[in-house]
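All of the numbers you see were taken from the coordinates with simple rules; none came from a lab. Bear in mind the structure is a predicted one, so any value in this text is a computation, not a measurement. Using ideal geometry, Cβ is built from the backbone for each residue, glycine included, and neighbour counts are taken over all protein chains shown.
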Amino acid sequence: MKEFQILHKLIHIFKEKEIRQFERTGLSGKELYVLQHIRTDDPWRFNDFAEHYCIKPSTLTGIVSRLENKGLVKRERTEKDRKAVYLYCTSSGRDLGRKHIEEDKLFFHSLLSTLEPQEKEQFIGLTKKITDNPEHCQQQ
């Protein structure tokens with residue numbers, strides 16, 4: 001099987017996972033991605049979040065608006081810095097984010113179940129090397 005066919009097969013597996021998650025939660029893959037990273041107890045400054053996770057601020061604005069309309073996140077300004085917007089998860093947002101992470105762990109375990117322990121380590125190491133490449137952070 002040629003490399004691009006393998007890549008497309010892997011992409012298909014992840015798209016199917018995203019479709020199942022949308023059917024269950026009503027949230028897109030990007031919405032779940034943002035939610036799982038906002039769900040910490042500490043608020044995220046909007047611009048810091050966008051930069052850290054390589055998301056264009058305009059894209060993040062739309063995602064956060066949809067999550068806010070669903071009661072999963074909220075935006076607030078502080079008296080100290082009225083220009084800065086901070087992102088918080090609501091309790092239902094934290095719960096959904098936690099469930100999403102658990103589902104991802106099960107999916108990942110299932111995905112790698114055919115690999116030997118050494119192969120899993122190699123796969124994780126190679127995937128990390130690819131995803132840590134700063135050229136892939138083009139503010140999607």
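At-a-glance table
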| read-out | value |
| --- | --- |
| Correct choice for semi-axes √(5λ) of the Cα gyration tensor in Å that was computed from the model, options [x] 31, 18, 14; [y] 27, 18, 14; [z] 22, 18, 14 | [x] |
| Qualifying aspartates and glutamates (Cα of each under 15 Å from Cα of Lys105; at least 8 residues distant if same chain) | Glu18 |
| Theoretical ellipticity at 222 nm over the chain - DSSP helices of four or more residues, -39500 (n - 2.57) apiece, nearest 500 | -21000 deg cm²/dmol |
| Under 17 Å from Lys70, Cα to Cα: aspartates and glutamates that are on another chain or at least 8 residues apart | Glu23, Glu31, Asp95 |
| Reachable lysines, given that their alpha-carbon falls under 24 Å from the alpha-carbon of Lys2 and they are not under 8 places away in the same chain | Lys15, Lys17, Lys120, Lys128, Lys129 |
| R0 of 25 Å, Cβ-Cβ distance Leu7-Thr59: FRET efficiency to nearest 0.05 | 0.55 |
| Listed residues His100, Tyr53, Ser28: farthest to the positive end of the dipole of the chain (Cβ charges) | Ser28 |
| Trypsin sites (Lys or Arg not before Pro), loop per DSSP, at most 15 other Cβ atoms within 10 Å - longest free stretch of the chain | 3-79 |
| Length gained when the stretch Phe108-Thr78 is fully extended (0.36 nm per residue, less Cα-Cα span) | 6.9 nm |
| Whether the stretch 33-109 is rounded, prolate or oblate, judged on the alpha carbon gyration tensor where a/c under 1.5 counts as rounded | prolate |
| Dipole magnitude of the stretch 3-136 about its Cα centre (Cβ charges: Lys, Arg +1; Asp, Glu -1), debye to nearest 20 | 540 debye |
